[in-house]
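A quick write-up on the structure given underneath.
FYI, it's all coordinate maths here, none of it is from the lab. The shown structure was predicted, so the numbers you read here are calculated from the model rather than taken from an experiment. Neighbour counts run over all protein chains shown; Cβ positions are idealised from the backbone, glycine included.
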Amino acid sequence: MANQDNFESPDYFLMDELLTNEHLLIRKTIRDFVKKEISPIIEEACQSCIFPKDLIPKLGSLGCFGPFIPTEYGGSELDQISYGLIMQELERGDSGIRSTASVQSSLVMFPIYNYGNESQKNKYLPKLATGELMGCFGLTEPNHGSNPGGMESKFIDKGDYFLLNGSKLWISNSPFADVAIV
Ligand SMILES: Cc1cc2nc3c(=O)[nH]c(=O)nc-3n(C[C@H](O)[C@H](O)[C@H](O)COP(=O)(O)OP(=O)(O)OC[C@H]3O[C@@H](n4cnc5c(N)ncnc54)[C@H](O)[C@@H]3O)c2cc1C
C-alpha cells in the first residue's frame, strides 16, 4: 500500500520570514511534488532495489536539474537559496533522489557551464536540464576513496581521441548516465 506523507513544517524560528515569496512558492511546489510522487512509492522502490526512472522527466520539468543555470542553456536562472530549498525538499522525500538531482546540477551541469566551451554547453546543458540526458561525476576510486591526490585514473592524448583508463566506485547515477565527468 502506498505510504501517505503527512509532513508539516512548523517554523519555530521564523526562518520563512527570510525567504521571498518566490522562494516560498518554489519550496511549496517541490514539497507538493514530493508528497504526491515520491513519498508514496519510495519505500517499495528502495526495498525492491529499483530506481524510479519515471521521476526523471518530472524532476526536469519542475526545474530540479541545474536550477541556477542561465535560461539560454535551459536552466531557470534561480538563485542558490532556491537551489538549496529544492534540494532540501527532495532530500526529505529521499536522499537518493536528491543525489540524482544534485549530482546532475552541481557536479555535471555546473562544471560544463563553468569550464566547458560554447559547443559543449549548447550540446549538453539543455538536455541535462530536462533529464533527456543524465550525468554522473566520477572522483572516488577503490584504492584512494575520494582523495584526488591519490587518483590513479588517467587519460592519454592519442591525437584524434583521448584514452581514459581507471576504475571508480560509488558513483551516483552511473548505472544509467549518458555523460560522465571524470
Ligand atoms: C551514496 C553515495 C554516493 C556517492 N556518490 C559519489 C559520486 O557521485 N561521485 C564520487 O566521486 N563519489 C561518490 N561517493 C563517494 C563519496 O564521495 C566518498 O565515499 C566520501 O567522500 C568519503 O570518502 P572516502 O570513501 O575516501 O572516505 P575517507 O575520506 O577515507 O574517510 C573514511 C573515514 O576516515 C576519516 N578520515 C579521512 N581522512 C582523515 C584524516 N586526514 N584524518 C582523520 N580522519 C580522516 C573520515 O572522517 C571517515 O570517517 C558516494 C558515496 C556514497 C556513500
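Annotation: amide H of Leu62 has no partner in the under-5 Å range at sequence separation 5 or more or interchain, hydrogens built in the peptide plane.
Along its three principal directions, the equivalent ellipsoid of region 15-181 from the Cα gyration tensor extends over semi-axes of 29, 20, 15 Å, largest first.
Pull out the extension gain between Asp157 and Glu72, defined as 0.36 nm times the separation in residues minus the alpha carbon to alpha carbon distance; nm, one decimal. Before the final figure, lay out each step's value.
Values: separation 85, 0.36 × 85 = 30.60 nm, distance 3.22 nm.
Going from the current span to full extension adds 27.4 nm.
Taken along its three principal axes, the alpha carbon spread of region 95-157 comes to 36, 35, 17 Å, from the longest extent down to the shortest. For Pro142, the shell of other residues with beta-carbons less than 12 Å away shows a net charge of -1, using +1 for Lys and Arg and -1 for Asp and Glu. The distance linking region 1-48 with region 115-182 is 31 Å (Cα centroid to Cα centroid, whole angstrom). Could you work out how much longer the chain between Trp170 and Thr130 gets when fully extended? Use 0.36 nm per residue separation minus the Cα distance between them, nm to one decimal. Between Trp170 and Thr130, full extension yields an extra 12.0 nm. Under a model in which nothing but the beta-carbon of Lys, Arg (+1) and Asp, Glu (-1) is charged, region 1-86 shows a dipole of about 260 debye around its Cα centre. The antiparallel fraction among DSSP beta bridges confined to region 15-181 stands at about 60%. What FRET efficiency comes out for the pair Phe110/Ser48, r = Cβ-Cβ distance, R0 = 35 Å, nearest 0.05? The pair Phe110/Ser48 has a calculated efficiency of 0.60. Across the chain, Cα pairs under 8 Å and at least six residues apart give a relative contact order of 19 percent.
Distance cut-off 20 Å, Cα to Cα: go down the list Lys121/Lys158; Lys58/Lys127; Lys121/Lys168 and report the pairs above it.
Beyond 20 Å: Lys121/Lys158; Lys121/Lys168.
For the chain, a crude dipole built from +1 on the beta carbon of Lys and Arg and -1 on the beta carbon of Asp and Glu, taken about the Cα centre, is about 440 debye to the nearest 20.
Given axes a ≥ b ≥ c from the Cα gyration tensor, I'd like to know whether region 17-90 is rounded (a/c under 1.5), prolate (a/b larger than b/c) or oblate. List each step's numbers first, then the result.
Values: a/c = 2.80, a/b = 1.57, b/c = 1.78.
Cα axes put region 17-90 in the oblate bin.
Evaluating 6.51 cos²θ - 1.76 cosθ + 1.60 at θ = phi - 60° for every residue in region 163-174, the Karplus couplings come out as 9, 9, 9, x, 10, 10, 8, 6, 9, 4, 6, 4 Hz, glycine and proline recorded as x.
Of Gln88, Thr140, Tyr161, which is farthest towards the positive pole of region 15-181's charge dipole, taken about the Cα centre with +1 and -1 on the beta-carbons of Lys, Arg and Asp, Glu respectively? It is Tyr161. Near Ile181, the amide H atoms lying under 5 Å from its own belong to Cys136, Phe137, Gly138; only residues 5 or more places off or on other chains count, and H is placed 1.01 Å from N.
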